1. What distance in nm separates the two pseudo spin-label positions at residue 30 and residue 102, each 7 Å out from Cα along the beta-carbon direction?
2. Using the 2.2 N^0.38 Å rule of thumb for compact globular proteins, work out how the stretch 138-190 stacks up: its C-alpha Rg over that value, please.
3. Within the chain, what whole-number % of the accessible surface is contributed by carbon and sulfur, with the 1.4 Å probe and all protein chains included in the calculation?
4. Hey, what did the chain get for relative contact order, percent, Cα under 8 Å, at least 6 apart?
5. Can you say what percent of the DSSP beta bridges in the chain, counting only those with both residues inside, are antiparallel? Round to 5.
6. Which number comes out as Rg/Rh for the stretch 1-131 once both Rg and the Kirkwood Rh are worked out on C-alpha atoms?
7. For the chain, what is the accessible area per residue in Å², given a 1.4 Å probe and the full set of protein chains?
8. Which order, highest average first, do 19-29, 39-49 follow once you tally other Cβ atoms within 10 Å for each residue and take the mean per peptide?
Amino acid sequence: MDSIVTLYRNENSIVTDAFDRTIFNICLQKEKFGHKTFLLCGCEPRVGTTTVSAELSIALSLAGWKVLLMDGNFRKEKEYKRLSEGLTIGMAEYIAGKVEKKDIIKKTNWEGLDYLSSGNVDDATPLHLLYANKMVHIIDEVKNDYDFVIVDAPALNAVVDASILAVKTDATILVAAMNGKKRKMLEQTYEQMCAGDVNVIGVIENRVSMKEY
């Protein structure tokens with residue numbers, strides 16, 4: 001596990017304080033219910049789910065927890081994944097039986113925080129990866145290895161992938177860039193997830209103006 005994945009934390013103290021408040025609630029979920037695996041997904045694309053996932057993972061590691069940030073987006077092309085730059089293998093290769101778990105989990109520049117890439121997906125429809133027994137197996141394994149596992153998933157209204165991953169994790173957090181028009185979308189997304197027996201524990205409102213915050 002060479003230190004090859006670099007994650008950057010926002011330097012604005014107001015932003016980092018907001019994430020610190022959020023991890024308090026995540027830690028409370030662990031204390032009260034034993035939750036360790038948290039899936040983050042947007043109600044729609046481009047709401048900053050990956051950035052939020054990385055910031056939460058860093059904040060948890062700074063609090064002294066052992067954390068794994070897992071890329072659960074098998075559809076996004078590799079050139080658009082800044083966190084996976086330089087990585088040649090990941091979960092796709094593990095599920096295909098080409099590599100072992102120890103080969104795909106990488107250290108980051110933050111102590112206690114590791115990163116797991118989705119890998120290289122040849123198929124445009126990666127549902128066979130999401131439904132594979134080895135997907136369940138690796139989630140169960142890393143759940144035992146880490147205090148927290150943060151899964152960064154694609155948007156709910158784009159593909160079904162997030163819904164599939166959500167039932168394999170302990171809890172789901174929705175990420176939304178809110179305004180009046182999008183509140184209805186958030187309500188519909190929440191109802192959709194609850195209807196699928198997904199444990200939705202809250203919403204992170206991203207891209208809020210400092211004045212509004």
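1. The answer from the label model is 2.5 nm.
2. So the stretch 138-190 has a normalised radius of gyration of 1.35.
3. 48 percent
4. Computed over the chain, the figure is 30 percent.
5. 10 percent
6. Looking at the stretch 1-131, the ratio lands at 0.96.
7. Values: 10990 Å² over 213 residues.
For the chain, the solvent-accessible area averages 52 Å² per residue.
8. Working: 19-29: 16.1, 39-49: 21.0.
The densest-packed peptide leads the list: 39-49, 19-29.
The values are calculated or read from the model by the stated rules, or taken from the named source; none is laboratory data. The structure displayed is predicted, hence computed values, not measured ones. As a convention, Cβ positions derive from the backbone with ideal geometry for all residues, glycine included, and neighbour counts pool all protein chains shown. Just so you know, the surface numbers come from the protein's heavy atoms only, side chains and all, with ligands and any DNA or RNA stripped out. Shrake-Rupley method; radii C 1.70, N 1.55, O 1.52, S 1.80 Å.
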